[in-house]
Each structure stands twice: as C-alpha cells, then as structure tokens.
Amino acid sequence: MRFDVITIFQEMFSALEHSIPGRAATNNIIDINYWNPRDFTKDKHRCVDDRPYGGGPGMVMMAQPMHDCIHKIKEKNSTAKVIHLSPQGQLLDQDGVKYLAAQENLILLCGRYEGIDERVVEQDIDEEWSIGDYVLSGGELAAMVMIDAITRLLPGALGDAESAEQDSFTTGLLDHQHYTRPEAFNGQKVPKMLLSGAHNAIARWRLREALGRTYLRRPKLLKKRGLSKDEQKLLDEFIKEERELL
Ligand code: ADE
C-alpha cells in the first residue's frame, strides 16, 4: 500500500522506521513518500502560512501550495484518496482502519497552525479523519497513528505470533489480560487457568475476561457488537463472580 504524506515536518516520521511499520517498509508491504508543501510555494521565503481573514490568533495554511502539491501527487495516482487529518474529522476506530486499509493509495495531508484554508478542504479533500477528541499541534502524529494501525492489517505485515486477529477491537471487544514469567510477582500470582495447559478452557477463560472487561470499561462497544447466547452466558458468569468479590 502506498502512502503519500504532505507535511512540513517529515523528520517526525522517523518514528515509523522502527518496529512493524519499519519492517513492512523494508518488505515493500508499505511505501511511504513525503512531500513538502514548501516546495510548491512561489515566494522566496517559501511561506506556507498567513494570517486569518477576519482576524484572530494563529496562522492558516495557504491554499495554493497545498492544492498544487496534491495535484502533483495525483498526476501519477489519480485514484488516490486524499485524507485530511483534523480534529473536525470522523473519529477513527478499528472499523475505520479496516476501511482505510482496503485502499491502494492514501494521500495524507498534515495541517499545522490553526488549520488549512477551507477552499482546499472543499476542493481537494475526499475525507477528514480525527484520531480523538483532543487537539494536537499538527496532523503528523495523527497520520503516524493511522499508518501504524493500517499497516498491522496488511497481509504479511505481522508475523504469526503477532496476528492482528487477536488485537483488541478486531473482535469488537477489549483484549483479555496477558502475563509472562515469573509466575509470582510482588505477591501476585498468574491466574491458575493459564498454567493449566488446557487450550480450549484457556480460550474460553480469555473470551470471558475480554467480555467482562469490555462490559466494565466500554459498555457501548458491547451494545454495538451484540453477543451470542454463549458469550452472554460467559459474561453472566463474569458478572456473578465480580459481584461475589464485592
Ligand atoms: N490534528 C490536530 N488534532 C488532530 C486530531 N485529534 N486528529 C487528527 N488530526 C489532528
């Protein structure tokens, strides 16, 4: 999958050279290309921002360099989807990540300052996405989050041991808890079930814990997903045990 990232801070993206996105790039599963809107300015100071019409604090990214940059990229990839990372966008969740991972080419536009001239948003952008209800200093961190989450879903990006199928949210549930050695730490033991070697029983225990955690921490996720009869039975068991502990 190809990403074309429009940013004035390409250096920030060195974080993606590590770990899973780094390996995916080495294996040609993803290909990230960077574009600096300053290269599309027409003044000698290579200015990409200006004061807002109507007054107010901060600066606004100018339409022309952004517009020309997007069109340059689209000359070669006319079907690429243009995404603007913005707190005004649709909230990114795992379903959104799945949808984006099914695209062949994304152009990710990272704004800075107070935002981008609205005419670029209206004329050149296909979709706006937000990674959460808070304001970042620019779209770069959001673009990195998006690239990382998408990459995990691309065939071959994860080894078997890292399979995305078990990730939180892929099943519509939060993940169950994890433990590794030692068996006892600071007086606390690993749950006995996990030491039993009984694979089916362990899988059911993990599902029950995932259902229980989702019920306690993110009940709206459960509502959205719905439960099978068997899952409902496991959740009832979990709730009953929780009550007994109180
Ligand atoms: N740019 C600034 N804040 C953002 C957010 N929450 N999501 C995506 N892009 C952003």
Per the C-alpha gyration tensor (a ≥ b ≥ c, the square roots of its eigenvalues), segment 71-148 is rounded if a/c is under 1.5, else prolate if a/b beats b/c, else oblate; here it's oblate
Output ordering of 103-110, 30-37, 217-224 (per-residue mean of other Cβ within 10 Å, highest first) is 103-110, 30-37, 217-224
Going through Lys98/Lys220; Lys81/Lys224; Lys98/Lys229; Lys220/Lys240; Lys189/Lys223 one by one, the pairs whose alpha carbons sit over 30 Å apart turn out to be Lys189/Lys223
Most fluctuating of Thr170, Thr151, Thr79 in the GNM of the chain (C-alpha, under 10 Å) is Thr79
Counting only backbone N atoms under 19 Å from a point 7 Å out along Cα-to-Cβ of Phe9, the residues of segment 18-58 in range are 18, 33-39, 47-50, 58
The chain: antiparallel bridges as % of DSSP beta bridges, rounded to 5, reads 20
In order over segment 11-27: 3J(HN,Hα) from phi, Karplus 6.51/-1.76/1.60, θ = phi - 60°, whole Hz, x for each Gly or Pro, gives 4, 4, 6, 4, 4, 7, 6, 9, 6, 5, x, x, 5, 5, 5, 4, 8
Segment 161-211 and segment 33-60 have their Cα centres apart by a whole-number Å value of 50
Restricted to segment 64-175, the DSSP antiparallel beta bridge percent, nearest 5, is 10
Non-local residues with an amide H under 5 Å from the amide H of Phe169, with H modelled 1.01 Å from N and Pro and chain starts lacking one, are Leu174, Asp175
Calculated from DSSP helices alone, with each H run of at least 4 adding -39500 (n - 2.57) and the total divided by the residues of the chain, [θ]222 nm to the nearest 500 comes to -12000 deg cm²/dmol
Residue by residue through segment 130-141, the couplings from Karplus 6.51 cos²θ - 1.76 cosθ + 1.60 with θ = phi - 60°, in Hz, x for Gly and Pro, are 10, 9, x, 7, 7, 10, 8, 6, x, x, 4, 4
For the chain, longest principal axis from Cα atoms; helix 229-245 axis from its Cα atoms; angle between them, nearest 10 degrees, is 70
Quick shape check on segment 31-85: root eigenvalues a ≥ b ≥ c of the Cα gyration tensor, a/c under 1.5 is rounded, otherwise prolate if a/b tops b/c, else oblate, and it reads prolate
Using alpha-carbon positions, the gyration tensor of the chain gives root eigenvalues a ≥ b ≥ c; with a/c under 1.5 called rounded, otherwise prolate if a/b exceeds b/c, else oblate, the class is prolate
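Bear in mind that the values in this text are calculations on the coordinates, not laboratory data. Please read these numbers as outputs of a predicted model, since none were measured by experiment. Neighbour counts run over all protein chains shown; Cβ positions are idealised from the backbone, glycine included.
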